[in-house]
Amino acid sequence: MRAERDFPGLVEKEMADPVLRESLGAMEASRAHMYKLAFDELDDAGDLKARATAVRRRSIAGMAEYLQQFERNVLANGGRVHWAADGSEANEIIGRICRDAQARLVTKSKSMVTEEIELVPALELAGFEVVETDLGEYIIQLRGETPSHITAPSLHVSLQQVIDTFNEHHQVPRDRPLETADQLLAEARAVLREKFLHADVGITGANFLVAETGSVIVVTNEGNADLTTTLTRTHIVVTGIEKVVATLEDAEVLLRILPRAAVGQRLTNYTSFFHGPRGVADADGPNEFHVVLLDNGRSAMLGTEFEDMLRCIRCAACLNHCPVYTAIGGHAYGSVYPGPMGAVLTPQLAGLAASRHLPNASTFCGRCAEVCPVGIPLPKLMRHWREREFANHLRPAGERRGLRLWAWLNDGGVRYRLAQAVTRKFLRWYAGRALATGWLRHLPGPGRAWAQTRDFPVPPEQSFQQLWSKRERDT
Amino acid sequence: MVEAGTGHVSSRTDILERLRRGAATSDYVTLTEHSAEPAAQTVAGFARFAELAGATQMTTTRVAGQGAVPNAVRTYLAQQQLPPNVVTDPTLKLPIESWLAAGVGQVSGDVQADGDVYISAGLAAIAECGAVVIASGPGRALRNDFLARTHIVVVPEARLLPSFSGLWNLLRADGSAGRLAREYCLVTGPSRTADLGVPAKLGAHGPERVHIIFFGD
């Protein structure tokens, strides 16, 4: 999976984007508000979260059994199940199904797993035309971009940029009116309608898989997953193995909580349960139904300190409430999964060396863990990655030496007091005329970068210990 | 059964083996907190359905019997300032004469144009979440429910289920009878997108308006 090493550079670039600043501000205000309203209206929101957590724990503990039960039921319903150890195996399986279906045009609904395995570029390379049908995904596909949010992929794109993008890519008269959101929607609807009607294969993800019935559950507000699947000859589902739950009642608990946590809705406008290919007397629907179960590092998390992350239902509540995500946006993380959940998942999927900055991109304010509907202790998991990063010597050598020096200085009373006194005196001298204001606007040496965006308080003349001893003497 | 997938039997074996090994050291194995029973729901009926459906931009009416459906359709279309022409789901059992009598032009079959009004035979409705359930099945094309600009779903009042449990029982019954539908879809509102800013837009790909008509015996 993709991961970008230059996190600091990306942060700087993204934070300079005024469009992003505005949309992140609006999103933070509205999504957090909607989340609060959606949970406040429940008699016992804590109880629902506890139930959802219990369902996820139970599903994960029994994953091997539930996946086999799911597989048996899909087969009984006339579908086929494929197991993929990693992204390239999944892409190979899907490519083969598309070739066997003699497909030309492939429509797909929104799926983070397909981003994770980079399915679209793989299919395009194999000669298929692939069209994203979630409107946000469609917009960024035209722009050649990746999602900047897991439930609002085109969050970083302004309305004007959508107009420019449609003008550039749609084969329509240039003099048509295209200014308002309604006009943009009408045009996207007409263009995508043609794609839906002529597609050969439809690809969806899955929000949940139900073992007892072999159901594949997909939630959308646009209804695009339903058009993707009813109008094509072959329906391919690709999803992570951790999405399986035992029963319809288990799925119900999660269906109650996912839309609330994600967008503050009680249910999404469409909640679809798919079971296989068309029945013999059905008037429409695909002739073939395939489910591709992707591992890609997930099974290796079970039984480790990271197994709590398998509970994640991809609602993005942790992104929406994160002071770091809402300041830097999704692209700065340089990985498919951004925000707190991405900071835990990315090192697992892409390797810690390639993504070591991400578990450090947190203030540990703990809001992500508070809002997580399935109680994932995200800061604790990020801390585990930080420990591994240190243990594996992935942090800069200078930092390790610096910490050793710091520990040595702070270990002995005399050394500590001496170091304090020298630093105090130096900084008061360095402040010069700024001494009177009480704030340093610049720092020398290793403090330079820190003070670029912050002021540092000028230290007082006497240390706390000196003041304390003086007080003891005086009384 | 294993071979029914593809040649990737080794990935299957490896994944299941890793999961079993992981489960052996997992904190999740000694669970005592099992309780998947959903919270009990308070009594919910037509009023609750209409309230919730209204909150998500669906409209609801209730008529005495199936024979009164065409008139209710006529009234609704007039309110929406739409021409009185509809495409009906072939599995909807209403005589042609009843549409004629109501002054509604009707053809049975598939949606042809983007602006069409489609009258669908709903499978059920769930009061506690304000959702109407449509399903694929013999003789009906589910695509029409998603292609029409105006989606009208007709549901017998007896199929208004109080809670999700009713739907799960229905699915299980269909499953054990070997006729689990290819798709069941819970609809709580029109096709909607938030990707073109605030406020969200209706009619993203499919219906711009959804109207539910319940009929009694």
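The values are calculated or read from the model by the stated rules, or taken from the named source; none is laboratory data. Just so it is clear, the structure is predicted and the values come from calculations on it, not from any experiment. Cβ placement follows ideal geometry from the backbone for every residue including glycine, while neighbour counts extend to all protein chains displayed.
Restricting B:Val86, B:Val104, B:Val73 to residues that are buried (at least 19 other Cβ atoms within 10 Å of the Cβ), more than 14 Å from the chain's Cα centre (by Cα) and under 23 Å from A:Ala190 (Cα atoms) narrows the list to B:Val86.
Could you please let me know if A:Val244 is touching a Leu at 6+ places or on another chain (Cβ under 6 Å) and buried (at least 24 other Cβ atoms within 10 Å of the Cβ)? For A:Val244, the condition - touching a Leu at 6+ places or on another chain (Cβ under 6 Å) and buried (at least 24 other Cβ atoms within 10 Å of the Cβ) - is met. List pairs: first residue in the range A:399-413 and under 18 Å from A:Gly445 (Cβ atoms), second residue assigned to a helix (DSSP H, G or I) anywhere in the structure, Cβ distance under 7 angstrom, at least six positions apart or on different chains. Matching pairs, first to second residue: A:Leu409/A:Arg415; A:Leu409/A:Tyr416; A:Leu409/A:Ala419. The residues listed here are A:Gly264, A:Gly240, A:Gly303; of these, the one that is farther than 29 Å from B:Arg179 by Cβ and free of Cβ contacts under 8 Å to residues at least 12 places away in the same chain is A:Gly303.
Checked against the criteria, A:Thr180 counts as out of contact with any Pro (no Cβ under 8 Å at 6 or more places or on another chain) and within 26 Å of A:Glu28 (Cα to Cα). Selection of the range B:125-139 for residues being in contact with a strand residue (DSSP E or B) (Cβ under 7 Å, 6 or more places away or on another chain) and within 21 Å of A:Arg278 (Cβ to Cβ) yields B:Val133, B:Ile134, B:Ala135, B:Ser136, B:Gly137, B:Pro138.
Each residue in the range A:230-249 was checked for being hydroxyl-bearing (Ser, Thr, Tyr) and at the interface with chain B (Cβ under 7 Å from one of its Cβ atoms), and 2 pass. Among residues belonging to the range B:5-27 that are assigned to a loop (DSSP other than H, G, I, E, B) and at pLDDT below 85, point out the one that is farthest from the other protein chains (Cβ to nearest Cβ). The qualifying residue farthest from the other protein chains (Cβ to nearest Cβ) is B:Gly7. Restricting the search to helices (runs of 4 or more DSSP H) fully inside the range A:1-85 and requiring at least 2 residues that are more than 25 Å from A:Ile150 (Cβ to Cβ) gives A:45-61, A:63-76.
Scanning the range A:15-48 for residues that are charged (D, E, K, R) and within 12 Å of chain B (Cβ to nearest Cβ), we see that the one that is nearest to the chain's Cα centre (by Cα) is A:Arg31. Every condition in (1) without any contact (Cβ under 8 Å) to a residue 24 or more places away in the chain; (2) surrounded by 19 or more Cβ atoms within 10 Å (Cβ to Cβ) holds for A:Val219 except the one numbered (1).
Quick check: anything in the range A:172-184 closer than 30 Å to A:Gly62 by Cα and touching an Asp or Glu at 6+ places or on another chain (Cβ under 8 Å)? Spell out the reasoning first.
Just the residues of the range A:172-184 that are closer than 30 Å to A:Gly62 by Cα, to begin with: none.
No.
Restricting attention to the range A:381-390, the residues that are out of contact with any Phe, Trp or Tyr (no Cβ under 9 Å at 6 or more places or on another chain) and either surrounded by 16 or more Cβ atoms within 10 Å (Cβ to Cβ) or touching a residue at least 12 places away in the same chain (Cβ under 8 Å) (or both) add up to 3.
Among residues that are buried (at least 21 other Cβ atoms within 10 Å of the Cβ), farther than 26 Å from A:Phe306 by Cβ, within 13 Å of another protein chain (Cβ to nearest Cβ) and modelled with pLDDT of 95 or more, A:Gly95 is not included. When each of A:Arg256, A:Arg278 is tested for being within 28 Å of the chain's Cα centre (by Cα), at the interface with another protein chain (Cβ under 9 Å from one of its Cβ atoms) and among the basic types (Lys, Arg), the lone residue that passes is A:Arg256.
This table checks each residue for (1) surrounded by fewer than 23 Cβ atoms within 10 Å (Cβ to Cβ); (2) within 14 Å of chain B (Cβ to nearest Cβ).
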{"residue": "A:Gln141", "(1), (2)": "yes, yes"}
{"residue": "A:Gly144", "(1), (2)": "yes, no"}
{"residue": "A:His149", "(1), (2)": "no, yes"}
{"residue": "A:Ala152", "(1), (2)": "yes, yes"}
{"residue": "A:Ser158", "(1), (2)": "yes, yes"}
{"residue": "A:His169", "(1), (2)": "yes, no"}
{"residue": "A:Pro173", "(1), (2)": "yes, no"}
{"residue": "A:Arg176", "(1), (2)": "yes, no"}
{"residue": "A:Glu179", "(1), (2)": "yes, yes"}
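A:Thr229 meets all of the listed conditions (1) on the phi < 0 side of the Ramachandran plot; (2) under 21 Å from the mean Cα position of the chain (by Cα) but one, namely (2). For the range A:52-70, filtered to residues that are at the interface with chain B (Cβ under 7 Å from one of its Cβ atoms) and of a type in the set (Lys, Arg), the residue that is farthest from the chain's Cα centre (by Cα) is A:Arg58. Beta carbons closer than 8 Å, at least 6 apart along the sequence or on distinct chains, pair a first residue in the range A:169-186 that is outside any helix (DSSP H, G or I) with a second that is among the aromatic types (Phe, Trp, Tyr) for A:Leu178/A:Phe166. When restricted to residues that are surrounded by fewer than 22 Cβ atoms within 10 Å (Cβ to Cβ), within 7 Å of chain A (Cβ to nearest Cβ) and closer than 30 Å to A:Gly79 by Cα, the range B:172-217 contains 1.
Note on the range A:329-372: residues that are in contact with a Phe, Trp or Tyr (Cβ under 9 Å, 6 or more places away or on another chain), within 23 Å of A:Leu155 (Cα to Cα) and aliphatic (A, V, I, L, M) amount to 7. Inspect the range A:283-298 for any residue being within 9 Å of chain B (Cβ to nearest Cβ), small (Gly, Ala, Ser), surrounded by 24 or more Cβ atoms within 10 Å (Cβ to Cβ) and not in a loop (DSSP other than H, G, I, E, B) and give the result as yes or no. So far as the range A:283-298 goes, no, none of its residues is within 9 Å of chain B (Cβ to nearest Cβ), small (Gly, Ala, Ser), surrounded by 24 or more Cβ atoms within 10 Å (Cβ to Cβ) and not in a loop (DSSP other than H, G, I, E, B). Filtering the range A:235-253 down to residues that are of a type in the set (A, V, I, L, M) and farther than 17 Å from A:Ser109 by Cα, which residue is nearest to the chain's Cα centre (by Cα)? This residue is A:Ile241. Residues that are assigned to a loop (DSSP other than H, G, I, E, B), closer than 18 Å to A:His235 by Cα and out of contact with any helix residue (DSSP H, G or I) (no Cβ under 6 Å at 6 or more places or on another chain) within the range A:91-145 comprise A:Ala101, A:Gln102, A:Ala103, A:Arg104, A:Ser111, listed in sequence order.
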